Amino acid sequence: MTTKNIYTIHDTVADFYSPTFQAENDNHAIRMFSQAIDLDHKHDFSLWLVGTFSSEKGTLKASQETTLILHGKALKNKEQN
């Protein structure tokens, strides 16, 4: 069975959660997150796991509680790499 995790990005300034997206695992989601946000404002964003999706059954399963995966402030700027 193929199950993918479902994530969202929270913007603390706008007090808004982005539309959800799928990723293979947390590391894949972190890569997508770091490419999606403006690193000059990385402190404003956080990545959250909100559920799973089964591509075999076509079902979504929401997490009982959302899980913080990474706060943007933990990301390095490009010049720090």
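Rule-based calculations on the coordinates, nothing more; no lab input. Note that this is a predicted model, so its numbers are computed, not measured.
Multiplying the residue separation of Asn27 and Thr67 by 0.36 nm and subtracting their alpha-carbon distance yields 13.0 nm. For the chain, the longest principal axis of the C-alpha atoms and the axis of helix 26-36 are separated by about 50°.
Helix-only arithmetic for the chain: the sum of -39500 (n - 2.57) across DSSP H runs with n ≥ 4, divided by the residue total, places the mean residue ellipticity at 222 nm at -4000 deg cm²/dmol. In the list [x] 13.3, 44; [y] 35.9, 113; [z] 12.4, 41, the label attached to Rg and Dmax of the Cα atoms in Å as derived from the coordinates here is [x].
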